[in-house]
1. Is it the case that Gly317 is in contact (Cβ under 8 Å) with a residue 12 or more places away in the chain and either under 29 Å from Lys203 (Cβ atoms) or assigned to a helix (DSSP H, G or I) (or both)?
2. Among the candidates Asn268, Asn263, which residue alone is at pLDDT below 95 and open to solvent by 40 Å² or more (accessible area, probe 1.4 Å)?
3. Whether any residue in the stretch 321-334 is closer than 19 Å to Leu223 by Cβ and in a helix (DSSP H, G or I) is what I want to check.
4. Val128 fails exactly one of the following numbered conditions: (1) more than 23 Å from Arg354 (Cα to Cα); (2) free of Cβ contacts under 8 Å to residues at least 60 places away in the same chain; (3) among the β-branched types (Val, Ile, Thr); (4) surrounded by 17 or more Cβ atoms within 10 Å (Cβ to Cβ). What is the number of that condition?
5. What strands (runs of 3 or more DSSP E) lie completely within the stretch 52-169 and have 2 or more residues being more than 30 Å from Leu14 (Cα to Cα)?
6. Within the stretch 371-389, restricting attention to residues that are assigned to a helix (DSSP H, G or I), open to solvent by less than 60 Å² (accessible area, probe 1.4 Å) and touching a residue at least 40 places away in the same chain (Cβ under 8 Å), which residue is nearest to Thr355 (Cα to Cα)?
7. Which condition does Glu322 not pass, out of (1) without any contact (Cβ under 8 Å) to a residue 60 or more places away in the chain; (2) closer than 20 Å to Gly115 by Cβ, if it passes all the others?
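The values are calculated or read from the model by the stated rules, or taken from the named source; none is laboratory data. Note that the structure is predicted; figures quoted are calculated from it, not measured. Methodologically, a virtual Cβ is constructed for each residue, glycine included, from the backbone with ideal geometry; neighbour enumeration extends over all protein chains shown. Just so you know, the surface numbers come from the protein's heavy atoms only, side chains and all, with ligands and any DNA or RNA stripped out. Shrake-Rupley method; radii C 1.70, N 1.55, O 1.52, S 1.80 Å.
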Amino acid sequence: MNYSNNNGLLTVFLSGRIDSSNAESTEKELLSICEAADYSEIALDAEKLEYISSAGLRVILRLRKSEPTLKIVGVSSDVYDIFEMTGFTEMLKIEKAYRRISVDGCEVIGQGANGKVYRLDADTIIKVYLNPDSLPDIQRERELARKAFVMGIPTAIPYDVVKVGDGYGSVFELLNAKSFAKLLIADPGCIDNCVMLSVELLKKIHGTELNKGDMPDMKSVALGWADFLADYLPADQYEKLHSLIAAVPDDNHMLHGDYHIKNVMLQNGETLLIDMDTLCLGHPVFEFASIFLAYVGFNEIDRTNIEKFLGISYETGKEFWEKTLREYFGADDVRCAEIADKARIVGYARLLRRTIRRDGMSTPEGRAIIDNCKAQLAALLPCVDTLCF
């Protein structure tokens, strides 16, 4: 039995089988290693463990009584099933071994705040998370996606978790699907059809009612953005911004939270939604603030940003935004402009906070974005009495 001791973490490497024929000797060797080592935490590495019987499980139970920090890592799917079936996964920390995948050379078909989506092959895509410690985020997104799917939102459910470099990814089956961004790049003339299908799905999302607490509340999040800006806006502007957001009625309808043409796919004539970690609930003004930023707001200072992010021109992005408003609300240009101003207020507040938090004050581009957001808010806030529509 091999082991290592790094910075107080004692790792014992298990291999082969642990059953009634060798459980006693395995336990003696484990205890001998523990007695001789100076450590503060202990882990059993089960990457090469092929099988464990009830006799082996009892060895682990007795070890855990004396080692409350015990965890088991690198567990194969077959052995993990044994731990799960016997309830061990509820008693101590047990981590699966994940197969490794490379995304080198793979096409980027989607991108969100927390990761990138790549096409692995004709049948499968993978979302790679930016945070290397993303397993809780992956579990959360899987649960959100399941909730949305059960409630009738067309989306792909991840069926596997894999290692990608030092981080993790979720694998989905998405046969012959193309993002709306890719469709627009191939045929700019399909913009009206893409807008129509995009709005149709967006209305389906917004028409789905949830129970309070099922998903994060965007009104609370937006109030946090406003509170952050108390030190960066004139007092009257901050107070107006905060009061406008606070007055938005509580709303339990679903929002996507990062809705744009790289997160909407077309598969065999069906529109599908991906990148579900931003699912939330609230008034649609918060959704349209996010949509405005994706197509216009993020790109006003550097218009090449949208080409890097969505693969389309700034002019096409602005056209998509304006046509989305007209299609969704069925209103004339004056009414759409009024709705856009409400969304822009929330959008600029979010972008201002984001840029400041990312040390934007120390770069010329960051300062330009900050100045633009402040100027836009100064112009918009006196003209808007409610964010509702």
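1. Answer is yes for this residue.
2. Answer to the selection: Asn268.
3. No, the stretch 321-334 has no match at all.
4. For Val128, the failing item is (1).
5. Of the strands (runs of 3 or more DSSP E) lying wholly inside the stretch 52-169, those with at least 2 residues that are more than 30 Å from Leu14 (Cα to Cα) span 107-111, 115-119, 124-129.
6. Step by step, filter the stretch 371-389, then rank; the result is Asn372.
7. (2)
Okay, residues lined up against (1) of a type in the set (A, V, I, L, M, F, W, C); (2) over 30 Å from Leu310 (Cα atoms); (3) open to solvent by 50 Å² or more (accessible area, probe 1.4 Å); (4) not assigned by TED's automatic domain parsing to the domain that holds Met276:
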{"position": "Arg58", "(1), (2), (3), (4)": "no, yes, yes, yes"}
{"position": "Leu61", "(1), (2), (3), (4)": "yes, yes, yes, yes"}
{"position": "Arg64", "(1), (2), (3), (4)": "no, yes, yes, yes"}
{"position": "Ile72", "(1), (2), (3), (4)": "yes, yes, no, yes"}
{"position": "Ser76", "(1), (2), (3), (4)": "no, yes, no, yes"}
{"position": "Val79", "(1), (2), (3), (4)": "yes, yes, no, yes"}
{"position": "Gly87", "(1), (2), (3), (4)": "no, yes, no, yes"}
{"position": "Val117", "(1), (2), (3), (4)": "yes, no, no, yes"}
{"position": "Ala122", "(1), (2), (3), (4)": "yes, no, yes, yes"}
